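First up is the structure itself, then whatever we jot down about it.
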Amino acid sequence: MNKSVLSIALLAASATFSGISLAETPTMYVGAYGGSTEKLMKEKIIPSFEAKNDVKIVYVPGNSTDTLAKLTAQKSKQELDVVFLDDGPMYQAVSLGYCAPIEKSSVMEDLYDIAHFKGGTAVGAGFVVTGISYSKEMFAKNNWPAPTSWLDLTDPKYKGKLVVPPVNNTYGLHALLMMARLNGGGENNIDPGFEAFIDKVGPNVLTFEPSSGKMSELFQSGEIALSVWGSGRLKALADTGFPGGFVYPKEGGVALMVATCPVVDSDVPELSQKFIQHILSSEVQAQLADAQGWGPTNKTTELPQALADSIPYGPEKINNLIAVDWDVINQHRAEWTNRWNRTVER
């Protein structure tokens, strides 16, 4: 065989082996939020994991409802390998058997207790707090002290200047639960919450707005003074230069966890476990805190003081968060939504 024939043969063999190598690179499908979360994942978090683990990740964007619907539609043959959901929908995913057990690892021991889901098939990847957001400028203009309590939502001076998301939004649901708890009820007795909203909170509400984009517009246009909202949402608005403040009410802010789980029957179960461990590492937790305003669930994460002050961070804040009972809530959520539409948002 002459040199040119040999060269052609070697090139062909090289191309063949290269193709085989490429074909053998595993692919992992991750279902998670779109927008800024998708941007951060694709630009920073995913590339570092792919490089270390020789895997190709396909990112499937969608909100929690969308991703949960995908899991339900594909339950006979799951295509997603790892998912990220708000804690309420995640409890549904767990109860429906979509999540596989999470392997024990050193990073799991670094998490706050509240981050561990019952049954060990899901885990918190970040803390957001439902509390009260307000316009410092409008409060100063009216000589109002900063809000301090969930009961401030009932103060008549805020009539037409308050926004609460509807009950099918987690922030609105948390507000309903807190009104129930502060009036002698709770998850197992929601009536006092509805009564408080109908008689005291509702009359102050300008609109029951579910869109975070619209909420930001209402603040920036000076149409509202305060709202029930998430700490991460307010941080994103404040980062644009808006003079907004976020209050952890004295009765407690409500924990809203971004949760993750490995999906059952994954084609790449070991990589799915490794990816969740990657997300929970102190390095990635710091990236999520900086870009998304997610409070780290990993206790060892170190943040600059200014960032630490603006998000749920550290034992003092985390240990004072209120956890809700999603097992009870998810049994009644459809009923509560119908009742809300008939009696509160009529």
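Numerical summary
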quantity: Lone qualifier among Leu234, Leu218 - being outside any strand (DSSP E or B), out of contact with any Pro (no Cβ under 9 Å at 6 or more places or on another chain), of a type in the set (A, V, I, L, M) and crowded, with 24+ Cβ neighbours inside 10 Å; calculated: Leu234
quantity: The range 105-131 - residue that is at pLDDT 95 or above and of a type in the set (D, E, K, R) and, of those, surrounded by the most Cβ atoms within 10 Å (Cβ to Cβ); calculated: Asp110
quantity: The listed residue being farther than 24 Å from Gln92 by Cα and touching a His at 6+ places or on another chain (Cβ under 9 Å), out of Val254, Val247, Val284; calculated: Val284
quantity: Qualifying residue in the range 209-224 (condition: under 20 Å from the mean Cα position of the chain (by Cα), of a type in the set (Val, Ile, Thr) and more than 13 Å from Phe127 (Cβ to Cβ)); calculated: no
quantity: Residue within the range 78-86 that is out of contact with any strand residue (DSSP E or B) (no Cβ under 7 Å at 6 or more places or on another chain), of a type outside the set (A, V, I, L, M) and either modelled with pLDDT under 95 or part of a helix (DSSP H, G or I) (or both) present; calculated: no
quantity: Tally of residues being of a type in the set (A, V, I, L, M, F, W, C) and without any contact (Cβ under 8 Å) to a residue 60 or more places away in the chain across the range 248-289; calculated: 1
quantity: Only one of Met138, Met90 that is out of contact with any helix residue (DSSP H, G or I) (no Cβ under 7 Å at 6 or more places or on another chain), aliphatic (A, V, I, L, M), open to solvent by less than 20 Å² (accessible area, probe 1.4 Å) and not in a loop (DSSP other than H, G, I, E, B); calculated: Met90
quantity: Qualifying residue in the range 289-303 (condition: open to solvent by less than 20 Å² (accessible area, probe 1.4 Å), in a strand (DSSP E or B), touching a strand residue (DSSP E or B) at 6+ places or on another chain (Cβ under 8 Å) and closer than 25 Å to Val201 by Cβ); calculated: no
quantity: Residue match in the range 337-346 (condition: out of contact with any Phe, Trp or Tyr (no Cβ under 7 Å at 6 or more places or on another chain), open to solvent by 50 Å² or more (accessible area, probe 1.4 Å) and more than 30 Å from Gly160 (Cβ to Cβ)); calculated: no
quantity: Failed item in (1) part of a helix (DSSP H, G or I); (2) surrounded by fewer than 23 Cβ atoms within 10 Å (Cβ to Cβ), with Pro166 passing the rest; calculated: (1)
quantity: Pairs with Cβ under 8 Å, 6+ apart, first in the range 149-163 and open to solvent by 40 Å² or more (accessible area, probe 1.4 Å), second aliphatic (A, V, I, L, M) and not in a helix (DSSP H, G or I); calculated: Leu151/Leu182; Lys161/Leu206; Lys161/Ile224; Lys161/Ala225; Lys161/Leu226
quantity: Leading residue by the ranking (nearest to Met108 (Cα to Cα)) among those in the range 311-332 that are in contact with a strand residue (DSSP E or B) (Cβ under 9 Å, 6 or more places away or on another chain) and open to solvent by 50 Å² or more (accessible area, probe 1.4 Å); calculated: Tyr313
quantity: Of all residues making up the range 34-66, the number that are over 15 Å from the mean Cα position of the chain (by Cα) and open to solvent by less than 20 Å² (accessible area, probe 1.4 Å); calculated: 5
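The values are calculated or read from the model by the stated rules, or taken from the named source; none is laboratory data. What you are looking at is a predicted structure, and each value in this text was computed from that prediction instead of being measured. So basically every Cβ, Gly included, is an ideal-geometry build from the backbone, and we count neighbours across all protein chains shown. Note: accessible area is taken over every heavy atom of the protein model, side chains too, but ligands, DNA and RNA are not part of it. Shrake-Rupley method; radii C 1.70, N 1.55, O 1.52, S 1.80 Å.
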